[in-house]
Amino acid sequence: MNNTALREAFSWIKSILFALIMVLICREFIFAPVKVDGKSMMPTFENNNRVMISKISKVERFDLIVFRSPYSEDTQYIKRVIGLPGDTVEIENDILYINSKEVNENYLNTNKEDVPSGALLTENLKVVVPNGYLYVLGDNRRNSSDSREFGVIKESSVIGEVKLRFYPIDEITIPK
């Protein structure tokens, strides 16, 4: 091989290595794809949906987040943030109150239609969220392992905020 071909090959190798390093850095510190496993967020997310999370977002109330399970560091959950540190979260007769103010949960309308007459989608509860923690619930309240089961989660367990559903292709959306 002549010098020109060697320089060209070396240039390609440097470019490919640089691109791989950038992808690894972005995936580790900025964004990452996540697969939804289970039905706890239906109808917002279905089983096997794929979402993109931002690892640099500031978590706010009603954000959809991915966090490490309180049961196992190797397991990740996707839920909706309901309570921030210092909030009083109360659900009474399927009405959410945060700090004594009624909050409309439009994302639950589809699930409420499936609840038998006289039954509640979400059992009554009242929780004060401690500093450094979040209160999270699945949108499919009757089929979700969430803060009602395992309690509040540490803010440090949050991996990222869901910014985009990219699979299935025909359902690409920015979730709300």
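The values are calculated or read from the model by the stated rules, or taken from the named source; none is laboratory data. As the structure is a prediction and not an experimental result, all values here were calculated from the model. Virtual Cβ from ideal backbone geometry, glycine too; neighbours counted across all protein chains shown.
Values computed for the structure shown
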quantity: Count of residues meeting criterion [in contact (Cβ under 8 Å) with a residue 24 or more places away in the chain and not in a strand (DSSP E or B)] in region 100-144; calculated: 21
quantity: Test for D74: is it crowded, with 18+ Cβ neighbours inside 10 Å, part of a loop (DSSP other than H, G, I, E, B) and either under 18 Å from the mean Cα position of the chain (by Cα) or of a type in the set (F, W, Y) (or both); calculated: no
quantity: Selection count, region 77-99, where residues are outside any loop (DSSP other than H, G, I, E, B) and either of a type in the set (D, E, K, R) or surrounded by fewer than 18 Cβ atoms within 10 Å (Cβ to Cβ) (or both); calculated: 7
quantity: Positions within region 74-95 being hydrophobic (A, V, I, L, M, F, W, C) and either touching a Leu at 6+ places or on another chain (Cβ under 8 Å) or in contact (Cβ under 8 Å) with a residue 24 or more places away in the chain (or both), in sequence order; calculated: I78, V81, I82, L84, V89, I91
quantity: Residues satisfying the stated conditions in region 65-76, i.e. modelled with pLDDT of 95 or more and hydroxyl-bearing (S, T, Y); calculated: none
quantity: Checklist (1) closer than 30 Å to N104 by Cβ; (2) assigned to a helix (DSSP H, G or I); (3) not aliphatic (A, V, I, L, M) applied to F67, failing item; calculated: (2)
quantity: Selection within region 28-49 - more than 17 Å from S144 (Cα to Cα) and part of a strand (DSSP E or B); calculated: F31, A32, P33, V34
quantity: Test: I25 is β-branched (V, I, T) and part of a helix (DSSP H, G or I); calculated: yes
quantity: Lone unmet requirement of (1) surrounded by 18 or more Cβ atoms within 10 Å (Cβ to Cβ); (2) over 16 Å from E155 (Cβ atoms); (3) β-branched (V, I, T) for I65; calculated: (2)
quantity: Selection count where residues are surrounded by fewer than 19 Cβ atoms within 10 Å (Cβ to Cβ), part of a helix (DSSP H, G or I) and either among the charged types (D, E, K, R) or in contact (Cβ under 8 Å) with a residue 24 or more places away in the chain (or both), scope region 145-176; calculated: 8
quantity: Number of the condition not met by K58 [criteria: (1) farther than 17 Å from G38 by Cα; (2) in a loop (DSSP other than H, G, I, E, B); (3) in contact (Cβ under 8 Å) with a residue 24 or more places away in the chain]; calculated: (3)
quantity: Residue match in region 45-56 (condition: basic (K, R), at pLDDT 90 or above and within 30 Å of V136 (Cβ to Cβ)); calculated: yes
